[in-house]
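K.L.:
One structure follows; several queries about it will come next.
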Amino acid sequence: MENQEIKNKIWSNLDKLRADLNFSGFRDTKILVLIGTTLGSEKLDFIFEDKELLLKMAETFSITAPTYVFNFIQELTKSENNKSFFDPWLTISSPL
């Protein structure tokens, strides 16, 4: 399946979920595109059929960063005199 077909499938499924009161939206579809591209359309179908899994994936704040990430950021900001330079729109699929 091509990348554009995967994106169309994702948006079609997300559009169907708009009426669901328990689903508040999906902020970043990059992870779904990656899953569709690498694991195939069947895996996307599985994810969209499992509402609980989809809701967990949609909650961007449900992922806890390892402590070494916080330690790295703390040391980095010390060396940069506490300047703010991080992207405020960082998502779970953004590379670190």
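K.L.:
Give the calculated FRET efficiency between ASP20 and GLN74 to the nearest 0.05, with a Förster radius of 35 Å applied to their Cβ-Cβ distance.
P.N.:
On the way: r = 40 Å, r/R0 = 1.14.
Efficiency at R0 = 35 Å is approximately 0.30.
K.L.:
Moving on to the next point. Cβ under 14 Å from GLY40's Cβ, GLY40 left aside: what net charge do those residues give with Lys, Arg +1 and Asp, Glu -1?
P.N.:
Value of the local net charge: -2.
K.L.:
Taking the Cα centre of segment 3-79 as origin, sum charge times position over the Cβ atoms of Lys and Arg (+1) and Asp and Glu (-1), and report the length of that vector in debye to the nearest 20.
P.N.:
Dipole size: approximately 240 debye.
K.L.:
Right, something else. May I ask you to evaluate 6.51 cos²θ - 1.76 cosθ + 1.60, the Karplus curve with θ = phi - 60°, for each residue of segment 69-77 and list the ³J(HN,Hα) values in order in whole Hz, giving x for glycine and proline?
P.N.:
With the stated coefficients, segment 69-77 comes to 5, 5, 5, 4, 4, 4, 5, 5, 5 Hz.
K.L.:
Hey, another quick one. Quantify how much of the Cα-Cα distance distribution of segment 3-79 extends past 21 Å, in percent.
P.N.:
Summing the P(r) tail past 21 Å for segment 3-79 gives 39 percent.
Readers should treat all values here as calculations from the given coordinates under stated rules, not as data from a laboratory. Keep in mind the model is a prediction, meaning the values are calculated, not measured. Virtual Cβ from ideal backbone geometry, glycine too; neighbours counted across all protein chains shown.
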